[in-house]
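Structure first, then comments.
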Amino acid sequence: TSRRFFPAAKAQSISIMASENVGTLKQQLAKLFDESLRATIPEELDVEPLIAACNPKFGDYQCNNAMSLWTKVKGKGSEFKGPQAIGQALSKNLPASEMIESCGIAGPGFVNVVLSRQWIAESIQKMLIDGIGTWAPKLLVKRAVIDFSSPNIAKEMHVGHLRSTIIGDTLARMLEFSNVEVRRRNHVGDWGTQFGMLIEHLFDKFPNGEVASDQAIGDLEAFYKASKQRFDSDSGFKERAQKAVVSLQGGVDKYRKAWTQICEISRRGYEKVYQRLGVYLEEKGESFYNPYIPSVLELLSQKGLIEESEGARVIFIEGKNIPLIVVKKDGGYNYASTDLAALWYRLNEEKAEWIIYVTDVGQREHFEMVFTAAKLAGWLPAEDNKYPKTSHVGFGLVLGEDGKRFRTRSTEVVRLVDLLDEAKSRCKAVLIERGKSEEWTADELEQTAEAVGYGAIKYADLKNNRLTNYTFSFDQMLNDKGNTAVYLLYAHARICSIIRKSGKDLEELKKTGTIELNHQDERALGLHLLQFAEVVEEACTNLLPNVLCEYLYNLSENYTKFYSTCTVVGSKEETSRLLLCEATAVVMRKCFHLLGITPVYKI
Ligand code: ARG
């Protein structure tokens, strides 16, 4: 049933401008099939084209609308006698397009599309000239808030915060690449009753009000522990700490100053980690939303959502055993009241259309209740596929090699900075062993060790479906074979070295050369490159970074296959193949960039 594709007479051609964002391959095909659907069955105007990659035996992509259209028009006197006939018509009514080489009908009206090699080649070439930004997917949202990292003041950042930081950063990078305006929000735990004991402890250590420097407070976590111990064992101290909370919340100067000081020291600690990870965030901590809580609760109250229960004020949520407490028995606000105020602020002041929260799965219940409350209040539409919307991006635990929750030998939580240090020094040792310290400058050695070491930690986390627990293993993540950042970074560096060694001026080749995809491995690599945008789109819509990792790994596999069958340097196809190498390197670099990994150019 396969035939060459001839454009239908009346359909007009859709021209695709080189420098404009054309959307993903799937979106471009959907556009063509949308036209065809309208021409084929004009009475079913609300039908969306269903396009999916298909079994390579039949083609590259498939349009799956015929069957469901048939069930709609069957028995209504339609001119079509079955899904097969609808498939035929869909194929015939496709507007002329350079994208498509041929169409075939299979099974109950599937329209299989074979893309044109020349079009694939030209699209890649255009991308090389106009930049990979022209391949960004188009998303429905314009502005998003991503709430991620969000450590708690005076407590060490641990591996849980590492997950939130790198997953959130990747999601932000992917949405930003897709032209969404992203607010990268650090919702730090900088407010709450624990500050009473911290401040009192600070006053006791510095009774004369000396300015406590970072050094004087020393390890903030130890400081936290010491004050907690006093709080639990000394009733006089406990009483003073509770009064301190009141003074702090009442805005008493001395207390505000102490609070600011403690926050500052904490902030300097985690800023260092962000700098090393290359992650940028804007802090609006819990304290920021505190002034909004009373009026936001008043709004919810007016909607009749807040009730009195056992001395607390709560919101009952259908299907949940416990209500969402918004004012505690003692009259204080809590995590939930802050989150309701923050959500209100993000919707009304920041006009966010998509608000994404990245925390461990343990907080799912909390967010479900907050989101439901917002729906009940009419802040969010009841349907999940409408905007504005909220999403909780949950993630699993990091396990040690013993299969238990990741801890160091002393059973303390693992400090993030120690992990980064170790990854870097292990990488450096390997590079030195390979004689790189003689070949490279000291700076190059440092930078490569950092790029590979930190990249390895990030990739080992991101490559798993975020909901599953994963085992933290330096040996595994630093292996230069298999699905690791080390392997991928080296693969990229090798491509760069092939290009360098060819001695050709790539900028010149981009303008004067042409890509041809005559060998099947060239075509497979070319098509895979072109699918980059729809993978980013899928990773964005489903908030799953592992989808991009999988793509990157497959890209490197496709490249290896191509490189093993197609000679590059010195062949008569050299120009075309060098351009294909360059396009692979460009897409790999964009993947690294989206995953927050710094590429290396030599190994
Ligand atoms: N500080 C919290 C924690 O460490 C995470 C905050 C997440 N964001 C939010 N809006 N509740 O568990």
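Where a number appears in this text, it was derived from the coordinates with a stated rule and is not lab data. Remember, predicted model here, so these are calculated numbers, not experimental data. Here the Cβ is made from the backbone with ideal geometry for all residues, glycine too, and neighbour counts use every protein chain on show.
Placing +1 on the Cβ of every Lys and Arg and -1 on the Cβ of every Asp and Glu, with no other charges, gives region 416-594 a dipole of roughly 300 debye about its Cα centre. For Gly192, no residue whose modelled amide H falls within less than 5 Å of its own remains once neighbours fewer than 5 places apart on the same chain are excluded.
Name the shape class, rounded, prolate or oblate, that the alpha-carbon gyration tensor gives for region 416-594, where a ≥ b ≥ c are the square roots of its eigenvalues, rounded holds for a/c under 1.5, and otherwise prolate holds if a/b is larger than b/c and oblate otherwise. Oblate. Among the trypsin sites (Lys or Arg not before Pro) in region 86-169, those placed in a DSSP loop whose Cβ has at most 14 other Cβ atoms within 10 Å are Lys138, Lys142.
Contact order for region 63-111, expressed relative to its length and based on alpha carbon pairs under 8 Å spaced 6+ residues apart, stands at 50 percent.
Output the pairs from Lys243/Lys320; Lys272/Lys404; Lys284/Lys389; Lys31/Lys57 with a Cα-Cα distance over 26 Å in this structure; if there are none, say none. In this structure, Lys243/Lys320; Lys272/Lys404 lie more than 26 Å apart at Cα. Amide H to amide H distances under 5 Å link Leu399 with Phe406, Tyr470, Thr471, Phe472, where only residues 5 or more positions off or on other chains count and H is placed in the peptide plane.
Our coupling estimate for region 41-46, obtained by passing each phi through the Karplus curve with A = 6.51, B = -1.76, C = 1.60 and θ = phi - 60°, is 10, x, 6, 10, 6, 8 Hz, Gly and Pro reported as x. Each Cα pair under 8 Å and six or more residues apart adds its separation to the average, and for region 199-308 the resulting relative contact order is 24 percent. Across region 184-201, rounded Karplus estimates of 3J(HN,Hα) from the backbone phi angles (6.51 cos²θ - 1.76 cosθ + 1.60, θ = phi - 60°) give 8, 9, 9, 8, 5, x, 10, 8, x, 5, 4, 5, x, 6, 5, 5, 4, 5 Hz, Gly and Pro being marked x. Can you list the residues of region 286-301 with backbone N under 18 Å from a point 7 Å past the Cα of Arg256, pointing along Cα to Cβ? The answer is 286-293. Once backbone amide H atoms are built at 1.01 Å from N, Ser309 has Val314 as its partners under 5 Å, excluding neighbours fewer than 5 places away on the same chain.
Give Lys463/Lys602; Lys458/Lys510; Lys126/Lys351 a once-over and call out the pairs whose C-alpha atoms are over 30 Å from each other. Violating the 30 Å Cα-Cα cut-off are Lys458/Lys510; Lys126/Lys351. Compared with the direct C-alpha span, the chain from Lys375 to Lys351 gains 7.0 nm at full extension, assuming 0.36 nm per residue.
If the chain between Asn208 and Asp46 were fully stretched, how many nm would it gain, using 0.36 nm times the residue separation less the Cα-Cα distance?
Details: separation 162, 0.36 × 162 = 58.32 nm, distance 7.37 nm.
The Asn208-Asp46 span can extend by a further 50.9 nm.
Ordering Ala524, Leu544, Leu509 by Cα displacement along the dipole of region 509-551 toward the positive end leaves Leu509 in first place; charges were set at the Cβ atoms of Lys, Arg (+1) and Asp, Glu (-1). Net charge of the neighbourhood of Cys54, taken over other residues with C-beta under 12 Å away and scored Lys/Arg +1, Asp/Glu -1, is +1. Taking a ≥ b ≥ c as the square roots of the eigenvalues of the alpha-carbon gyration tensor, the chain is classed oblate because a/c is 1.5 or more while a/b is no larger than b/c.
For every other residue with a beta carbon closer than 13 angstrom to the beta carbon of Thr567, add +1 if it is Lys or Arg and -1 if Asp or Glu, then tell me the sum.
Details: positive: Lys572, Arg577; negative: Asp521, Glu522, Glu573, Glu574.
Value of the local net charge: -2.
Packing, taken as the mean count of other beta carbons within 10 Å per residue, orders the peptides 329-338, 532-541 from highest to lowest as 532-541, 329-338. In region 416-594, Cα pairs under 8 Å separated by at least six residues give a relative contact order of 22 percent. At an R0 of 45 angstrom, the distance between the Cβ atoms of Ser301 and Ala226 translates into a FRET efficiency of 0.65. Given R0 = 56 Å, the distance between the Cβ atoms of Arg405 and Lys138 translates into a calculated FRET efficiency of 0.85. Farthest towards the positive end of the charge dipole of region 101-214, among the residues Ala144, Ser178, His161, is the Cα of Ser178, using unit charges on the Cβ of Lys, Arg, Asp and Glu.
Residue by residue, region 422-431 carries 3J(HN,Hα) couplings of 5, 4, 5, 5, 5, 5, 4, 4, 5, 5 Hz when phi is fed to the Karplus relation 6.51 cos²θ - 1.76 cosθ + 1.60 (θ = phi - 60°); x denotes Gly or Pro. DSSP assigns beta bridges within the chain; of those with both partners inside it, close to 50 percent run antiparallel.
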